[in-house]
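Participant: Please read through the structure below; I'll follow up with questions.
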Amino acid sequence: MFFRVFLVSLLLFGHILAGPEEKEGVKYADKCEACKILATELQARLTETGKSHDVIEIGYSVDDVKPKKRTSYKRSELRLLESLENVCERILEYNIHKEREDSTRFAKGMSQTFKTLHGLVDKGVKVDLGIPLELWDKPSAEITNLKSQCESLLEEYEGTIESWYFKHQDNVPLMQYLCEERALVGQNHKCLYEVTQEKGDTGQKDEL
């Protein structure tokens, strides 16, 4: 009886968390959230690829007389292309954390709600969410929509990203250059600086 009451309460709690935004409780990312996550993931990818100190040769000559141009991989177009490749696919690693109300609801790692649900299942409690257990951890509608928005932004602001990469990456953060100063001009951009505060922390920690 206890478990039945607990389950009903938990499912009702889930509906409250989902909110009244749409009929099924789905709240898609707005442009600010989409741009924030694109900038976050691209900056992370560039950090990963930027550790190389390799020098690469570009150009070619039919007679091999004219020397090829040597350039740092860190400053090369090759690095940018490799960093851009599949950057939006990284969004599929995100989950919806419906216990949060701001842009930090999009974050990697399992949400507290689903940790609780998985814990119940591990203890033998029957949890019925209306979908098979094996689909619980699949990307939600919000996440797949966010990935599509990322791809659209990437296509629309490809030239802006290139300009930042070749001219401004050392002195202006990508999120500021791409989102605040261009994609979101005249629009609300407060989500760009929202961070997650963990319980017990005196400061804030960004999980994105």
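Read-outs: derived from the displayed coordinates by stated rules, not from any lab. Keep in mind that what you see is a predicted model, and the values were worked out from it rather than measured. Here Cβ is always computed from backbone atoms with ideal geometry, including for glycine, and neighbour counts include all displayed protein chains.
Participant: Whose amide H sits under 5 Å from the amide H of K27, counting only residues 5 or more places off or on another chain, with H placed in the peptide plane?
Facilitator: Here the answer is none, since no amide H 5 or more places off falls under 5 Å of that of K27.
Participant: Further question on the same structure: Among 38-48, 80-90, how do they line up from the highest to the lowest mean number of other beta-carbon atoms within 10 Å?
Facilitator: Numbers: 38-48: 18.6, 80-90: 15.6.
Answer by packing, highest mean first, reads 38-48, 80-90.
Participant: Over the Cα atoms of region 145-194, Rg to Rh with Kirkwood Rh, two decimal places? Don't jump to the answer; show the numbers that get you there.
Facilitator: On the way: Rg = 11.3 Å, Rh = 11.6 Å.
On the Cα set of region 145-194, Rg over Rh gives 0.97.
Participant: Give the long-range amide H neighbours of F106: residues separated by 5 or more places, or on another chain, with amide H under 5 Å away, using H modelled in the peptide plane at 1.01 Å from N.
Facilitator: Residues meeting the amide H criterion: H97.
Participant: What's the extension gain from T49 to S148 if we count 0.36 nm per residue and subtract their Cα-Cα distance? Walk me through the numbers before you get to the answer.
Facilitator: Numbers: separation 99, 0.36 × 99 = 35.64 nm, distance 2.41 nm.
Going from the current span to full extension adds 33.2 nm.
Participant: Can I ask one more? Per 0.36 nm of contour for each residue apart, how much would the distance between L81 and Y28 grow if the chain were fully extended, relative to their Cα-Cα spacing? Show your work: numbers first, answer last.
Facilitator: On the way: separation 53, 0.36 × 53 = 19.08 nm, distance 2.85 nm.
Difference between extended and current length: 16.2 nm.
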